[in-house]
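Novice: The following block contains the structure, expressed as structure tokens.
Only the coordinates and a few stated rules stand behind these numbers; no lab work does. What you see is a predicted model; the values in this text were computed from it and never measured. Here the Cβ is made from the backbone with ideal geometry for all residues, glycine too, and neighbour counts use every protein chain on show.
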């Protein structure tokens, strides 16, 4: 359950950042472009948050495995 909550919060954090960046860039063009760009930015941010969370978990697992192998080689 904890992993699920962490994944959801990670995705929400990136979605909020993407929406803010998209809205700011779209706001330079017009009000309608700002809302559209914010929506697209939120979608991209959520996708990045989902992928990055899974990548971080894999990197952690690989790092732990390599440390275990180093300990085995030293013995």
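Novice: Rank-order 20-26, 40-46, 3-9, 30-36 by packing density, defined as the average count of other C-beta atoms within 10 Å over each peptide's residues, highest first.
Specialist: Answer by packing, highest mean first, reads 40-46, 20-26, 30-36, 3-9.
Novice: What ranking of 61, 11 emerges when the number of other C-beta atoms within 10 Å of each C-beta is taken as an exposure proxy, fewest first? If you can, show how the numbers build up before the last one.
Specialist: Numbers: 61 10, 11 19.
Going from sparsest to densest Cβ surroundings: 61, 11.
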